[in-house]
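J.: The structure's right below; bear with me while I get my questions together.
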Amino acid sequence: MTHQADEKRSQRRVRTVIGAVIAIPLLAACHQVFTRGTDEVTVHAQAVANVREVAAARVDVDPFEVAARKDPLSAFELALDRYEAEVTDYTCRFVKQEKLKGRLRKPQTMRVKFRDEPLGIFMEWIENADKCDRILFVRGMLPKTKQGVEQAWVDPHGWAIDAILGKRGGVKQPIHSALAEAASRRSVEQFGFGSSLRLILKYAMLAKSRNELDFDYLGPSRLNDRATYLFERILPYTGEAGEYPERTLLVHLDRENHMPIGVFAYADDAREDLLGSYVIDNVQLNVGLSENDFDEEALGF
């Protein structure tokens, strides 16, 4: 009995050892399978996450900003194309500050109504009026001067003029004259989004043709409460009598509609010698302005 029991115990030990030997590689194989499966799932999940991240980034890509970084000049051409295709009129507040005859004047604030075709501009000063309180320019409304210069209705500023006239206003002034130049660096017909874009492009293309253009996109920015694209253009400025209007020009294009809502002109690279600051806000595009909004009699000129 004892011998038989010992033999049975010995057989059980052998079977246990054999089973363990067989089980070890099986367990190892199972571990590899499950580990490999887990790694593969992890890698796949990461790949999916990467694809989704790239897809999201592609959705967020701003084609206008891509153009701005690649070629600022082309971005301004795109902005002008959009303006000409989409904008017919607008109202806004216009704040300008300029250096005239070597002296930086106080900022002036105006309410503006603008119509693109036929060109109509009505400005009413609400802060720091200088030469006039109101101006109305409609292309073709008034006869040209003998020199062929178009004219605008002007409501002169100052009690002495009012006393002489005996009424609020109603004098005709050439839009290009010594008096006009004493009042502003730009003529009234140069006001507006479209005119600003065209002027910026005009001098940029002239400088490019001479290999003198330095035009850069500085990146996203803000002006007042608006998100903008900020550009810097540098020209070989030689003074007020020179061919180029300024040395350094900073331009804010509105991020939503690509309109130039802020233009800052300087005589130097350090942006310390301000020549002109032009900021437009409270913009309402395509409001459907009527003929009465630019009618000389309706406005009391």
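The values are calculated or read from the model by the stated rules, or taken from the named source; none is laboratory data. Please read all numbers here as calculations on a predicted model, not as lab measurements. Cβ: placed from backbone, ideal geometry, glycine included. Neighbour counts: every protein chain shown.
J.: Of all residues being over 24 Å from the mean Cα position of the chain (by Cα) and among the charged types (D, E, K, R) in region 95-122, which is surrounded by the most Cβ atoms within 10 Å (Cβ to Cβ)? Just the residue, please.
T.: Only one residue tops the list, namely K99.
J.: Report, by residue number, each residue of region 52-100 that is within 21 Å of S187 (Cβ to Cβ) and either outside the structural domain of I121 (by TED's automatic domain parsing) or at pLDDT below 95 (or both).
T.: Passing the criteria: only L100.
J.: Please list, ordered by first then second residue, the pairs with beta carbon atoms under 6 Å, 6 or more apart or interchain, first in region 74-93 and closer than 26 Å to E124 by Cα, second not in a strand (DSSP E or B).
T.: Sorted first by the residue in region 74-93, then by its partner, the pairs are Y83/F193; Y83/G194; T88/D116; T88/N286; D89/L289; T91/V287.
J.: Can you name every residue in region 58-94 that is over 29 Å from F294 (Cα atoms) and either assigned to a strand (DSSP E or B) or over 14 Å from the mean Cα position of the chain (by Cα) (or both)?
T.: Across region 58-94, the qualifying residues are R58, V59, D60, V61, K70, D71.
J.: Moving on to the next point. Starting from residues that are in contact with a Pro (Cβ under 9 Å, 6 or more places away or on another chain) and hydroxyl-bearing (S, T, Y), keep the ones in region 243-301 and report whichever is surrounded by the most Cβ atoms within 10 Å (Cβ to Cβ).
T.: Here the residue is Y278.
J.: Return the only residue of I261, I280, I200 being among the β-branched types (V, I, T), in the same structural domain as E98 (by TED's automatic domain parsing) and assigned to a helix (DSSP H, G or I).
T.: On inspection, the qualifying residue turns out to be I200.
Table: residues versus (1) free of Cβ contacts under 8 Å to residues at least 40 places away in the same chain; (2) in contact with a Gly (Cβ under 7 Å, 6 or more places away or on another chain).
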{"site": "L206", "(1), (2)": "yes, no"}
{"site": "S221", "(1), (2)": "yes, no"}
{"site": "E232", "(1), (2)": "yes, no"}
{"site": "L249", "(1), (2)": "no, no"}
{"site": "H252", "(1), (2)": "yes, yes"}
